[in-house]
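Please read the structure below before turning to the comments.
Derivation of every value follows stated rules applied to the coordinates shown; laboratory data play no part. Computed from a predicted structure; not experimentally measured. Quick reminder, even Gly has a Cβ in these numbers, built from the backbone with ideal geometry, and neighbours come from all protein chains shown.
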């Protein structure tokens, strides 16, 4: 059995690992790029919102 992150880690901890099911991709390439782009965009938007809120709070002492 090829060793992959979680499987290898479980084996290092002395666990007896016997996968009963696996999912294989036949295509190759960067199939998660669109998902990564969505997460990155949401992260950047959230940080921008937080900075804007912090700027407003810094300008208006006593407001939360």
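For the range 5-59, the convex hull drawn through the C-alpha positions has a volume of 151 cubic angstrom per residue. In this rough spin-label picture, where each label sits 7 Å from Cα along the Cβ direction, the residue 31-residue 11 distance is 2.4 nm.
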